Amino acid sequence: MNPLLSKVFSAQRVLKGSPPEGPIPDDASLLKRAFRVAWPSTLESFLVALVGMVDTIMVSQLGAFAIAAIGLTAQPKFICLAVFMSLNVAVSALVARRKGENDREGANRVLAQAITLTLLFSIVITVLAIVFAEPVLRLAGTNKDTHESAVVYFRIISGGMIFNVLTMVINAAQRGAGNTKIAMKTNLISNGVNIVFNYLLIGGNLGFPRLGVAGAAIATVLGTIVALGMAICSVSHPTGFLHLRFSRDMIRLRRETLATIVNIGSSSLAEQLFLRFGFLTYTMIVARLGTSAFAAHQVGMNVITISFAFGDGLSVASIALVGQSLGERRRDLARIYLSFCQKLGLFCSVTVAIVYSTVGRNIFRLFSSDPEILDYGDLIMRMVAVIVIMQVAQVISSGCLRGAGDTKYVAVVSLVSVACIRPLSGYLLVYPLNLGLLGAWLGLAIDQFMRLLLTSLRVRSGKWLNIKI
């Protein structure tokens, strides 16, 4: 290994003289494994975020109202997905632990029963989302120029939710097993389908109808249908660690398996609800600044999602590597892999921060030439350059805690920071202190700092190393 890298990525420095619990591979092998698991997830998250940005750019041809309308559906959509996202955290953590224990049958039982639960929940949530779309989006902050388009988009997306959530649960299991390339390929191709049909349906090109915002929603659903087909194929091989067999025994809900899923998933669900409540309240605060300000804010959120991709990919790697190491009863390796992921994350976040601080305005020009939105963009990109470093670090620490099964603590952090601190500080800075959009982004920065502080303290305590799931 390069001498500089060997100083940064050193297992002995992580252990600080404490005796290892078994053979420790050399630093180069440890780093190679961490990178091998992390890069597909990082690339996948980056591509998903990039496609979201491309979606916004393609929709921006319709006007600022279209950017704002789709942006206002984001939090209601994620509220609908909260149950499934929490279930997926449990699936990833449990499959990773079973992989470490070499319990293939147990891992497949977790996946099969998670799919059964996903089917049941998706039917109920889809119906509720379609029926109550109008009042929910009014609550989210739609105006006269955004409400109708937002309702149309939200109803179409909700109608295709089942394809998306089934893909999510299968990919979550594959990530837990360390098969991150499968999820990457699935999202890469499905996002390509999404972009192609965006081009065809938003503006009505090559003889296709011009459907505007509805076309963007239909394109997204078509992409998720392709993704589901690929995800099902990935668990259809008898030789794979995950092999889905739809026998009565596998899909029958077992109390002990459900209890384990619920134990982790319930805390993750609480976390998701706290997150969505905080994000929705925060979005409502920003939406009342006006369509132009919210459109600029939505562009900024698309940009920050790009940087989040690096943290999210490394978070997925830490869930898999920490979970598998603890399943093997190797707490020392869990600490080493977490440290390596954190250092990779720091390198990525600093690099992205430099890019954002130098070419931020040019990034905003991809979305709009409106001088007001570009002026907002200068402000937002300066904030994002600082926020990204805190964001990536706290996402990786949270992933480590989830992989260890310490989801209750992560839920408490979300309650304190996202559901309380972000909206309260955002409101005070935006309105009483009259800082406008700057106040909203300062509130976001305060939230990220608090989450980083609280998760870092938990990681350093080492309590997560002794949790059994």
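Under 5 Å between amide hydrogens, built in the peptide plane, is the criterion, and for residue 288 it picks out nothing among residues at least 5 positions away or on other chains. Each of 383, 362, 437 was placed along the dipole of the stretch 356-439 (beta-carbon charges, centred on the mean Cα), and the one lying farthest toward the positive end is 383. Karplus-derived 3J(HN,Hα) values for the stretch 254-265, using 6.51 cos²θ - 1.76 cosθ + 1.60 with θ = phi - 60°, are 9, 4, 5, 5, 4, 4, 5, 4, 5, 4, 7, x Hz; glycine and proline are entered as x. Do the alpha carbons of any pairs in 16/408; 32/468; 99/181; 32/408; 16/343; 99/463 sit beyond 26 Å of each other, and which pairs? Pairs exceeding the cut-off: 16/408; 32/468; 32/408. Please compute the net charge surrounding residue 64, taking Lys and Arg as +1 and Asp and Glu as -1 over other residues with Cβ under 13 Å from its Cβ. Combined, the nearby Lys, Arg, Asp and Glu give -3. For the pair residue 359 and residue 457 in one chain, pulling the backbone fully straight at 0.36 nm per residue adds 31.9 nm over the alpha carbon distance. Put simply, when 423-434, 219-230, 53-64 are sorted by average Cβ atoms within 10 angstrom per residue, most first, you get 219-230, 53-64, 423-434.
Available extension along the chain between residue 5 and residue 61 is 15.6 nm, counting 0.36 nm per residue and deducting the alpha carbon span. For the chain, a crude dipole built from +1 on the beta carbon of Lys and Arg and -1 on the beta carbon of Asp and Glu, taken about the Cα centre, is about 1300 debye to the nearest 20.
Local charge for residue 455 was computed over the other residues whose Cβ lies under 14 Å away, with Lys and Arg +1 and Asp and Glu -1, and equals +3. Report, in debye and to the nearest 20, how large the dipole of the stretch 321-427 comes out about its Cα centre when Lys and Arg carry +1 and Asp and Glu carry -1 on their Cβ. Roughly 520 debye, rounded to the nearest 20. Using alpha carbon centroids, what distance separates the stretch 389-404 and the stretch 167-224, in Å? The stretch 389-404 and the stretch 167-224 have Cα centres separated by 27 Å. Only one residue of 283, 180, 322 has its Cα farthest out toward the positive end of the dipole of the stretch 3-466, where Lys and Arg carry +1 and Asp and Glu -1 on Cβ, and that residue is 322. Of the peptides 456-465, 146-155, the order by per-residue mean of other Cβ atoms within 10 Å, starting with the highest, comes out as 146-155, 456-465.
Here the sum of -39500 (n - 2.57) over DSSP H runs of 4 or more residues, divided by the residues of the chain, equals -27500 deg cm²/dmol at 222 nm, to the nearest 500. Pairwise Cα separations in the stretch 3-466 fall into 20 Å bins from 0 onward with the following percentages, short to long: 25, 59, 17, 0. Available extension along the chain between residue 36 and residue 102 is 21.7 nm, counting 0.36 nm per residue and deducting the alpha carbon span.
Can you find, among 414, 194, 107, the residue farthest towards the positive end of the dipole of the chain? Put +1 on the C-beta of Lys and Arg, -1 on that of Asp and Glu. Of the candidates, 107 comes out farthest on the positive side.
Here the stretch 233-340 is assigned +1 on the Cβ of each Lys and Arg and -1 on the Cβ of each Asp and Glu. Its dipole about the Cα centre then comes out at about 320 debye.
A short reminder: the numbers here are calculations on the coordinates, not readings from a lab. Bear in mind that the values here come from a model prediction, so they are computed numbers and not experimental data. Glycine also receives a Cβ, built like all others from the backbone with ideal geometry; neighbour counts cover every protein chain displayed.
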